[in-house]
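Written below as structure tokens is the structure these notes are about.
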Amino acid sequence: MGLEVSYFLNVSEGVETMRLAVLASGYGSNLQAIINGVKSGAIDGQVVVVISDQENAFALKRAREEGIEALFLDPGVFAGREAYEREIVAKLQKQQVELVVLAGFMRLLSPYFIKAFSGRIMNIHPSLLPAFPGLDGVKQALAYGVKVSGCTVHFVDAGLDTGAVILQEAVNVYDSDTEETLQQRIHKVEHRLYPRAVQLFIKGKLHLEGRRCLVNES
Ligand code: GAR
């Protein structure tokens, strides 16, 4: 039997919407893709809070411009990783968040966080996992000399980019590629893949069988 991984849909005025949080450390183009998905109706959810560990993250500016609560939480002022995460989890719970979307959030989450949102945390990574996990996925792929890379949306577990794969798409690597050009093409694919993965979750179309995440597209 598969485990259905969709939770607590809100029903307001007959429209189902899921409360989403996005955690981002940087530019926030994936955040923007998700916001755009919400606005266009491709995602039956709402981004209720954006949290960053970087004060100047452009992602926070994007959120503010969209009228979304945008919080900078400084890891430097907390006693350790778990104390920091307790603060994030408290903010997410206060906002009744149902799905946590990591979009370029460059911190490894502890078992405490994973347990608090078990089965309800997604990440996007710029390689075909399990190849090139961790930092600089695009740079690692180029340095290795692969001819095909891509991106992966996966559930988050306590490992480094080790959770069950939700969606993946390949991107060719050309001889002329630099980190920048390959990153740009991967980004384009990410912006299509991530909103789709979020919507599949919201609609209860993802089912875990062991490590395999089966997608019911019907
Ligand atoms: C994305 O390419 C994402 O795959 C990567 O960070 C970028 C964030 O871009 N994430 C990781 O490398 C996680 N290990 P964005 O801020 O424009 O969305």
Practice task
Over the stretch 119-173, give the accessible area per residue in Å² for a 1.4 Å probe, as an integer.
Solution key: 40 Å²
Exercise for the section: Report the charge-dipole magnitude of the stretch 61-191 in Debye, nearest 20, computed about the Cα centre from +1 at each Lys and Arg Cβ and -1 at each Asp and Glu Cβ. Expected result: 280 debye
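Give me the extension gain from Asp136 to Val189: residue separation times 0.36 nm, minus the current Cα-Cα distance, reported in nm with one decimal.
Values: separation 53, 0.36 × 53 = 19.08 nm, distance 1.72 nm.
Value of the extension gain: 17.4 nm.
For Phe78 and Ser110 in one chain, what is 0.36 nm times their gap in residues minus the Cα-Cα distance, to one decimal in nm?
10.1 nm
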Problem - the chain - Debye-derived log10 I(q)/I(0), Cα point model, q = 0.14, 0.18 Å⁻¹ - result: -0.85, -1.40
Fill in the blank from the handout: Measuring from its Cα centre, the stretch 114-218 shows a charge dipole (+1 at each Lys and Arg Cβ, -1 at each Asp and Glu Cβ) which, in debye to the nearest 20, is 480 debye
Exercise for the section: Check cross-link reach from Lys61 to the lysines: straight Cα distance under 25 Å, and skip same-chain residues fewer than eight apart. Expected result: Lys39, Lys91, Lys94, Lys188
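Helix-derived [θ] at 222 nm for the chain: sum -39500 (n - 2.57) over DSSP H runs of at least 4, divide by residue count, nearest 500?
Details: 6 runs with 72 residues, N = 218.
Result for the chain, helices only: -10500 deg cm²/dmol.
Please report the relative contact order for the chain, taking Cα pairs under 8 Å with a sequence separation of at least 6, and give it as a percent rounded to a whole number. If you can, show how the numbers build up before the last one.
On the way: 421 pairs, mean separation 48.9, N = 218.
The normalised contact order for the chain reaches 22 percent.
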Practice task
Apply the Karplus parameterisation 6.51 cos²θ - 1.76 cosθ + 1.60, with θ equal to phi minus 60°, to every residue of the stretch 162-169 and state each ³J(HN,Hα) to the nearest whole Hz, in sequence, with x for glycine and proline.
Solution key: 10, x, 4, 6, 8, 9, 9, 9
Exercise for the section: Work through the residues other than Lys39 whose Cβ is under 13 Å from its Cβ and net out their charges, Lys, Arg +1 and Asp, Glu -1. Expected result: -2
Completion exercise
Going residue by residue through the stretch 201-210, the Karplus relation 6.51 cos²θ - 1.76 cosθ + 1.60 with θ = phi - 60° gives ³J(HN,Hα) values, rounded to whole Hz and with x marking Gly or Pro, of 5, 4, 7, x, 8, 9, 10, 8, 10, x
Handout entry: Cut-off 14 Å between beta-carbons: net charge of the residues surrounding Leu108, Lys and Arg +1, Asp and Glu -1
Key = -3
Fill in the blank from the handout: The answer for the net charge of residues other than Leu60 whose Cβ lies under 14 angstrom from its Cβ, with Lys and Arg +1 and Asp and Glu -1, is -2
Handout entry: Heavy-atom surface of the stretch 42-98, accessible at 1.4 Å and reported per residue (Å²)
Key = 51 Å²
Handout entry: In nm, spacing of pseudo-spin labels at Asn36 and Leu160 (7 Å Cα→C-beta vector)
Key = 3.2 nm
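Taking R0 as 45 Å, what FRET efficiency do you get between Ser176 and Ser118 from their Cβ-Cβ distance, rounded to the nearest 0.05?
0.55
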Completion exercise
In terms of the charge dipole of the stretch 39-127, which places +1 on Lys and Arg and -1 on Asp and Glu at the beta carbon, the residue among Val89, Ala57, Ile124 farthest towards the positive end is Ile124
Problem - Cβ-placed point charges (K, R +1; D, E -1), dipole of the stretch 15-95 about Cα centre in debye, nearest 20 - result: 100 debye
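The values are calculated or read from the model by the stated rules, or taken from the named source; none is laboratory data. Predicted model, so just to flag it, every value in this text is computed and none were measured. In this analysis, Cβ positions are derived from the backbone assuming ideal geometry, glycine residues included, and neighbour counts consider all displayed protein chains. For accessibility, only protein heavy atoms count, side chains too; no ligands or nucleic acids. Shrake-Rupley method; radii C 1.70, N 1.55, O 1.52, S 1.80 Å.
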